[in-house]
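Scroll down for the structure; my scribbles are underneath it.
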Amino acid sequence: MASLQHSQAIKGAKVLMVGAGGIGCELLKTLALSDFQDIHIIDMDTIEVSNLNRQFLFRQSHVGQSKAKVARDAVLRFRPHINITPYHANAKDSNFNVDFFKQFNVVLNGLDNLDARRHVNRLCLAAEVPLVESGTTGFLGQVTVHVKGKTECYECQPKPAPKTYPVCTITSTPSKFVHCVVWAKDLLFAKLFGDKNQDNDLNVRSNDAARSSEHAGDAFEWSGNEDLEQYGRGIYDHVFGYNIELALSNEETWKNRNKPRPIYCRDVLPDRMTQQNGNVDRTDDLSSASAMASLGLKNPQDIWCLMENTKVFLEALKLFFTNRRKEIGNLSFDKDDQLAVEFVTAAANIRAASFNIPLHSLFEAKGIAGNIVHAVATTNAIVAGLIVIEAIKVLKKDTESYRMTYCLEHPSKKMLLMPVEPFEPNKSCCVCSKTPLSLEINTHRSKLRDFVEKIVKAKLGMNSPLIMHATALLYEVGDDLEENEIANYTANLEKVLSELPPPVTDGTVLTVEDLQQEFTCNIHIKHREEFDEEKEPDGMVLSGWTQAPPEKKDGKTSIGNGASTSRSLPTKVGITEIDIEVKEISDGIVSPGTKRKLSEFSDGSTVDQSSDVDETRNNKKTQKHDDDDDLVMLDHWDGNMSKKRRSP
């Protein structure tokens, strides 16, 4: 009977997969082999060469084609009688609304970014469809189950924001290679090739009055008839020479720091490149798309010397202006744009050389600039299998058996997979528990645009927001708006909050809503005059979306679902010893569940033998994030991978 129910639950299920990449390929294959009959796939991406080493449903001949469609065709070759419906589209498109989600029995996520995960989570909540979420980074992985009203939603525990750096560190005092990459990507590349109207903290004043008479004060303006190599050398001298000398003039800055050295192009590359390399003007397709190809540099894992970086810098800039001039002014950095990666790598390395920071290869720089952790196919396969196991439990409504499972890189107490019971909904969550938030902001300086971009979109993940003050509509996005409405809302964006009609001041409550996500949130405004530029770079602080304190229930304690390190279960900061139920893997035999302290799984620390759980809770040791750790790049992962250390 149980076997029959199992079979009926699978065959009668209508499943939605979101994402057909590393996890998605494994997941679709596993679903098909598990006898699922009706599978729908959404993925907006096309296949790239870099996908082929792990996304096994794709071949070289598929490059440039839709991932969702090719994955469907590949699986139908060995499971021709099942129904697979692909959608080559963005999961955030308006077509995929709450009504669309309601037709499915379960949604399975294999996404690679936080914004899309939030969106799917909210649609699943609104449609009351269970969601199985997943992620991998290298050898680490996780699978979590989210059922409205029974378990926490994906957003119940705040996700760590992407690592940011103070502007002054990036522009003036870099100490790590990642600082140089951020400078090269977000400042220099954006200034040269991006939107000229965007604010940019790069110093653009030139010390060379002989430059173009029309743009004598701007070192980045190309006159149109200026020799491109000479133009490139001028930019090189400005950002790596003149600007460094200018920084050195402030002696106070360098009292406790190593001083950088100015680097001028003539000192590294005295002769013109055309005199040094007869192949530099080749016009074949490969050399026109890549500075490396043009210069005969082949291995992306080689670390270029300063002269090679200088050549790549000048050649890449020349190729942009020669072959891609129409794109200049609208370009943004893309990790899959070979020429952009080459330019950013060279610029970051030259800056690193100036500040006595070790140089890195293009392969390493690309990983940093594109926030990449190189995926491991085995981890994707394990996680896909775990997703299907949890999906079957959801379809059978076997609530007591739901598990959130974490994959570890190294065995800890003979464990590689760590299952944990799902946690209850967080009463402080503004998404599934509708808890109001508070925002500290200077209402006399901050514009509505700042609020929309930094809070509504970046923090709350809304795509089509509607903002109301009591009954007054301050801002709305939609295709059905009249021209006068669009003009009015656009004008409101440029007004400071206290000058809006009606004014937004201390004590105001704003209602923010995304109609597609069916998500509404109330935000209490608190006026604040000053903010710490380094600790609070946004100039505003959103609070109230915090973890609920652990509740006692049948002697159990909930813990957070952040990401794990390679040797410890994910926990809330501040908790190091918690009773959890785990299953040991030993010689291929799974032993019965046993109670263990979390401290057992953290760096080989000894077990606290105390049997008094409450006493343990009252004597928790705190953990601190190590601010000195390098940036961690994430792929299909949302957790905080920072290393932790015990306080003394």
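Numbers at a glance
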item	result
Candidates T490, T471, T505, filtered to the one that is polar (S, T, N, Q), out of contact with any strand residue (DSSP E or B) (no Cβ under 6 Å at 6 or more places or on another chain) and within 14 Å of T443 (Cα to Cα)	T505
Residue under evaluation A71, criteria (1) touching a residue at least 60 places away in the same chain (Cβ under 8 Å); (2) open to solvent by less than 10 Å² (accessible area, probe 1.4 Å); (3) of a type outside the set (F, W, Y), criterion not met	(1)
Residues of the stretch 531-545 satisfying the condition of being farther than 26 Å from V120 by Cα and assigned to a strand (DSSP E or B)	M540
Residues located in the stretch 30-58, provided they are over 23 Å from D334 (Cα atoms) and within 28 Å of the chain's Cα centre (by Cα)	T30, L31, I39, H40, I41, F56, L57
Number of the exception - V181 against (1) over 26 Å from L460 (Cβ atoms); (2) free of Cβ contacts under 8 Å to residues at least 40 places away in the same chain; (3) open to solvent by less than 10 Å² (accessible area, probe 1.4 Å)	(2)
Selection status of R528, touching a residue at least 40 places away in the same chain (Cβ under 8 Å), more than 25 Å from D115 (Cβ to Cβ) and not hydroxyl-bearing (S, T, Y)	yes
Filter result (more than 14 Å from I41 (Cα to Cα) and at pLDDT below 95) within the stretch 100-116	D112, N113, L114, D115, A116
Positions within the stretch 251-272 being in a loop (DSSP other than H, G, I, E, B) and either open to solvent by less than 30 Å² (accessible area, probe 1.4 Å) or in contact with a Lys or Arg (Cβ under 8 Å, 6 or more places away or on another chain) (or both), in sequence order	P260, I263, L269
When residues of the stretch 508-530 are limited to those that are assigned to a loop (DSSP other than H, G, I, E, B) and touching a strand residue (DSSP E or B) at 6+ places or on another chain (Cβ under 7 Å), the one modelled with the lowest pLDDT	L515
Close pairs (7 angstrom Cβ cut-off, 6 or more residues apart or separate chains): in the same structural domain as V145 (by TED's automatic domain parsing) and among the hydrophobic types (A, V, I, L, M, F, W, C) in the stretch 401-427, in a strand (DSSP E or B) and open to solvent by 70 Å² or more (accessible area, probe 1.4 Å) anywhere	C407/L416; L408/L416
Per-region count, the stretch 107-142, residues open to solvent by 30 Å² or more (accessible area, probe 1.4 Å) and either closer than 23 Å to I389 by Cβ or outside the structural domain of D38 (by TED's automatic domain parsing) (or both)	3
Single residue of the stretch 293-306 satisfying the filter (modelled with pLDDT of 95 or more and aliphatic (A, V, I, L, M)) that is nearest to L269 (Cα to Cα)	L306
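Residues checked against (1) in a loop (DSSP other than H, G, I, E, B); (2) within 20 Å of V145 (Cβ to Cβ); (3) within 25 Å of the chain's Cα centre (by Cα):
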{"position": "V394", "(1), (2), (3)": "no, yes, no"}
{"position": "K397", "(1), (2), (3)": "yes, yes, no"}
{"position": "T405", "(1), (2), (3)": "no, yes, yes"}
{"position": "P419", "(1), (2), (3)": "no, yes, no"}
{"position": "F423", "(1), (2), (3)": "yes, yes, yes"}
{"position": "S428", "(1), (2), (3)": "yes, no, yes"}
{"position": "M462", "(1), (2), (3)": "yes, no, yes"}
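The values are calculated or read from the model by the stated rules, or taken from the named source; none is laboratory data. Only a predicted model underlies this, so the values are computations on that prediction, with no experimental measurement involved. Backbone-built Cβ (ideal geometry, glycine too); neighbour counts: all protein chains shown. With ligands, DNA and RNA removed, areas are computed over all heavy atoms of the protein, side chains included. Shrake-Rupley method; radii C 1.70, N 1.55, O 1.52, S 1.80 Å.
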